[in-house]
Each structure stands twice: as C-alpha cells, then as structure tokens.
C-alpha cells in the first residue's frame, strides 16, 4: 500500500516509522533539510531499550506527493487551514485520514471535495528526538472513523493488526472525537500548567483530585458521553503514557503555540452557550494562554 504522511513532528514520524516497515511510505515535511535526512537515513523509532529503522521516501514539495493509496495528515489542528491548498492538489478519490485533536478542523473537512475522508485519534505517547528519530513513550491505539466515504477504501490499513501499533474502527465519529477532546482537555492543560509527566496526574493524590474536579466540571456539557467509561479511559491513558510529556507541555516548554483554543476554547464556548460556569476550565485556559504569551517574549 502506498501511504503518504503530511507532517514531520512526533506523530508524523511515529506513523511513518511503523507504517514504513510494511508499506511504501512517503513523508511530506515543511523543511527541505528534514526531507533530505529522511530520504537518506529513514525513520528510527526508539521504544524502551529497542529501536528499529524504516526506509521512507520524503519530500518538501506537495507536487511530488499526489499518487498515494491514502494520505495521513499528521499536523496540529491550527495548521489545517494553511494546508488547504495542498489538500486541494490531491486527487479527490485519494482517501484522507486526519489525526488532529479537537473538533475545530471539521469545518475545513466539510468543504473538501474528496469523496473519502476519515478522522482518527491517537493514544500513543511520542516525542521527537531528532529530525528523523522519534521515541515511542507509551503504546496506545489509533481510533479511526468514517467522516465521509467507504471504510473499505482503507481496510488494508486498519487490518494491519500489531500489538505495538493497533488500529481500532469506531462507528460514531462524533463520540470518538469527543472522547479524545475530553482526554486532551483533562490531561494536557494540567500537565502543561504543573510541568509534570502524564502519570503524575494520577500518582500524586493532590494532582489527581484536581484532575477529577476538572473532569467533573465539564463532563456535564457532554451528556452523550458515558461519565464512568470516560473517566476510566483518562486514567488508563495516564497509566499507558505515564512517562510522557503531553504535547501541550512540550509546546509550552519550547515557547510554541499550543492547541488550547481547539481544546479548552471549544469547551468554554460550549459552556457559555449553555449558560454554565466552568471556573477551573476558564482558569487553566488563561494560564496556558499566559504561558504562550510569555514564551513569545
């Protein structure tokens, strides 16, 4: 299967490494220097005390990237709008798989002309080591659902069962995306504010009480989500990625823009529309926005 991956960050490299072992994989990255390294060296995935390297093709030019059996878009949500021109250059019959957090990118997906569009959420922990090396910090799974089209178009990808990199199909894309949103809304702002690994949120009793209070504050806004199952999922992900720094924590540490608008911003907007006060969510949102501002000065 010919698989294209847009994005050379931690998640893009992780997918490129695992999929590159079994499929003809091409990476499209922003910087030509990274493309050259990937083309020459491949992608190295480190996991515990083991590592492997997968050969991939790589380019920084979208015009070299059209003939694929499917394309995975592994950039942050706030970069999707800037990719529209590239996405429109891809043949409309090519399946597109979007890995973004939150739900803000769905408006862009609605306007794309492509007949096969899928959304996915990623539970793996990953951190970028170099331009061609990624550390797999915690094994989770990739959840995938149809946004528009036919699941059979990517059946070969989903059927690629691997204990270390499984794909799981979900019938309801809204529930799947909301579950990921609530995981991110609980874990990411807290780890970024406290400066701790994911596992500390459940192993430190004081942080755990804060996690529970935050979760209980906004879960009422989503009656379609099973409260106890959602709480169990969050705790399990904290356990599976206990040594991982969340993407938001890494963004704050490196003075980069975070995805706080697409995560807590979305929840705050929903709370305002429904006339609900969610003060912990509000406070964490402004803490992260403040850290973003400090990181740019």
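A few notes on this one:
- Figure legend: label point modelled 7 angstrom from the Cα of residue 254 along Cα→Cβ; residues of the stretch 103-137 with amide N under 14 Å from it are 126-135.
- Distance cut-off 20 Å, percentage of C-alpha pairs in the stretch 114-203 lying past it: 49 percent
- Stretchable slack from residue 84 to residue 2, in nm (0.36 nm times residue separation minus alpha-carbon distance): 27.4 nm
- Rounded D (µm²/s) - the chain, Kirkwood Rh over Cα pairs, Stokes-Einstein at 37 °C, 0.692 mPa s: 168 µm²/s
- Contact order for the stretch 192-259, expressed relative to its length and based on alpha carbon pairs under 8 Å spaced 6+ residues apart, stands at 52 percent.
- Estimated FRET transfer efficiency when R0 is 45 angstrom, pair residue 225-residue 46 (beta carbons, to 0.05): 0.85
- If the segment from residue 55 to residue 92 were pulled out straight at 0.36 nm per residue, it would be longer than the present Cα-Cα gap by 10.6 nm.
- Based on alpha carbons, the Rg and Dmax found for the stretch 176-295 are 13.4, 38 Å.
- For the stretch 19-120, radius of gyration divided by Kirkwood radius, i.e. Rg to Rh on alpha-carbons: 0.98
- Using the Stokes-Einstein relation with a Kirkwood hydrodynamic radius computed over Cα pairs, the translational diffusion coefficient of the stretch 2-171 at 20 °C and a viscosity of 1.002 mPa s comes to 135 µm²/s.
- Put a dot 7 Å past the Cα of residue 64, heading toward its Cβ, do the same for residue 22, and the two dots end up 2.7 nm apart.
- Both numbers refer to the Cα atoms of the stretch 94-157; Rg and Dmax are 13.9, 36 Å.
- Equivalent-ellipsoid semi-axes for the stretch 60-141 (Cα gyration tensor, √(5λ), whole Å, largest first): 23, 16, 12.
- When Rg and Dmax are taken over the Cα atoms of the stretch 186-239, they come to 10.9, 32 Å.
- Taking every DSSP helix (H) stretch of at least 4 residues in the chain, weighting each as -39,500 (n - 2.57) and dividing the sum by the residue count yields a mean residue ellipticity at 222 nm of -12500 deg cm²/dmol.
- Mean sequence separation of contacting Cα pairs (under 8 Å, at least six apart), scaled by the length of the chain, corresponds to a relative contact order of 15 percent.
Where a number appears in this text, it was derived from the coordinates with a stated rule and is not lab data. The model shown is predicted, which means the values in this text are computed figures rather than measured ones. With ideal geometry, Cβ positions are generated from the backbone for all residues, glycine too; neighbour counts draw on all protein chains shown.
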